[in-house]
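**Q** One structure follows; several queries about it will come next.
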Amino acid sequence: MPLSDLISTGKMIRARLILAIAGTSIKAIKLSAIIEMIHFASLLHDDVIDDSDMRRGERTVSFRFGNKRAIMFGDLLYSKAYLELSNFEDKVVKSISSAVCSLSLGEILDEELSEKFNSSSHLYMDMIYKKTASLIEASTYCAGVISHKDTDKLKEYGKNVGLAFQIVDDILDITASEEEFKKPVIQDFKNGKCTISYIYLYNSCNNQEKAFVLSCFKKKLNKIEGNKITSLFEKYDSIKYSYKVANDLIKIAKNNALNDEFLISILDKIIKRVS
Ligand code: FPP
Ligand code: MG
């Protein structure tokens with residue numbers, strides 16, 4: 001069965017960035033494939049961990065074929081990626097290996113943080129850096145290594161793109177429709193994930209409101225509770241604030257985009273995306 005029948009390929013943002021930076025040499029194409037295989041593997045495992053039924057508008061591999069197969073398929077993709085990676089120069093191998101360690105630590109942190117209400121934006125930013133930004137940062141850095149471009153700037157670009165991307169993803173869990181987002185919405189808070197908008201909301205609230213927000217944590221909300229949370233989001237402009245944080249990161253990315261048209265154009269799409 002071709003891979004495309006098994007899992008929808010998604011936006012391939014990491015591969016697009018690598019090819020935009022390093023061109024379409026065989027080496028750059030191989031690097032893109034390695035990164036996308038690692039990314040697919042991590043999503044296959046993440047869907048098992050999160051018990052998710054839908055991803056990218058389709059049933060997840062774990063839903064269709066069971067957790068065992070999803071984990072083993074992830075292991076296969078991950079191992080194949082490493083086999084191919086071993087042909088690259090040291091700097092590339094080390095950067096990607098280290099990013100995969102971060103990715104795994106980020107996933108562990110995400111799980112740990114979801115055990116109780118997290119109101120620390122510092123812990124949240126550290127977790128999303130590890131879970132999402134580290135692999136995007138490694139992708140743009142390694143693309144710079146193989147194409148002899150400014151790796152410091154490209155690393156900074158990738159890190160900020162990754163952070164903004166995850167923040168927007170977390171905002172869309174609250175604001176998008178299921179059709180737009182291509183996966184179920186309003187899942188994070190119910191699953192114990194205090195994303196940036198909830199953290200900002202909680203820290204803005206008075207004591208009575210704080211107690212209400214805490215009472216909603218990890219709960220399937222009824223209509224009245226849902227409406228009350230929505231009105232608190234409006235009262236404190238939590239979504240606007242979260243977009244501002246993402247926009248500030250995008251500005252840093254722009255300053256490190258080497259004046260490259262594609263690298264700049266993708267920034268706007270990250271902020272405006274709905275899926
Ligand atoms: C999706 O985040 C998950 C990740 C970006 C990283 C997952 C990492 C692992 C499972 C560990 C590494 C494993 C391997 C094989 C390299 P999310 O749950 O916030 O987003 P979602 O709503 O799209 O699921
Ligand atoms: Mg998940």
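**Q** Only one of Ile167, Ile186, Ile136, Ile171 is among the hydrophobic types (A, V, I, L, M, F, W, C) and outside any helix (DSSP H, G or I); which?
**A** Values: Ile167 fails: outside any helix (DSSP H, G or I); Ile136 fails: outside any helix (DSSP H, G or I); Ile171 fails: outside any helix (DSSP H, G or I).
Of Ile167, Ile186, Ile136, Ile171, the one residue that is among the hydrophobic types (A, V, I, L, M, F, W, C) and outside any helix (DSSP H, G or I) is Ile186.
**Q** Tally up the residues in the range 30-55 that are within 7 Å of ligand 1 (Cβ to nearest atom) and within 23 Å of Phe181 (Cβ to Cβ), please.
**A** 10
**Q** Given the residues Asp75, Asp51, which is the only one that is out of contact with any strand residue (DSSP E or B) (no Cβ under 7 Å at 6 or more places or on another chain), among the charged types (D, E, K, R) and not in a helix (DSSP H, G or I)?
**A** Details: Asp75 fails: not in a helix (DSSP H, G or I).
Of Asp75, Asp51, the one residue that is out of contact with any strand residue (DSSP E or B) (no Cβ under 7 Å at 6 or more places or on another chain), among the charged types (D, E, K, R) and not in a helix (DSSP H, G or I) is Asp51.
**Q** So which residues in the range 189-204 are of a type in the set (S, T, N, Q), open to solvent by less than 30 Å² (accessible area, probe 1.4 Å) and part of a helix (DSSP H, G or I), if there are any at all? Before you say what the answer is, go through the steps one by one.
**A** So the first thing to find is which residues in the range 189-204 are of a type in the set (S, T, N, Q), and the list is 191, 195, 197, 203-204.
Next, only the ones that are open to solvent by less than 30 Å² (accessible area, probe 1.4 Å) stay: 195, 197.
Ser197, the sole residue that qualifies.
**Q** Considering Lys116, Lys131, which residue is basic (Lys, Arg), in a loop (DSSP other than H, G, I, E, B) and more than 27 Å from Ser25 (Cβ to Cβ)?
**A** Unique residue meeting the criteria: Lys116.
**Q** Examine the range 259-270 for a residue that is more than 19 Å from Glu137 (Cβ to Cβ) and aliphatic (A, V, I, L, M), and state whether such a residue exists.
**A** No.
**Q** Considering only the range 131-158, state which residues are in contact (Cβ under 8 Å) with a residue 40 or more places away in the chain and closer than 18 Å to Lys269 by Cβ.
**A** Ile136, Ser139, Thr140, Tyr157, Gly158
**Q** Output the residues belonging to the range 138-152 that are of a type in the set (S, T, N, Q) and crowded, with 20+ Cβ neighbours inside 10 Å. Lay out the reasoning, then the answer.
**A** Narrowing the range 138-152 to residues of a type in the set (S, T, N, Q): 139-140, 147, 151.
Within the range 138-152, Ser139, Thr140 meet the criteria.
The values are calculated or read from the model by the stated rules, or taken from the named source; none is laboratory data. Please read these numbers as outputs of a predicted model, since none were measured by experiment. As a convention, Cβ positions derive from the backbone with ideal geometry for all residues, glycine included, and neighbour counts pool all protein chains shown. Surface accessibility is based on the protein's heavy atoms, side chains included, excluding ligands, DNA and RNA. Shrake-Rupley method; radii C 1.70, N 1.55, O 1.52, S 1.80 Å.
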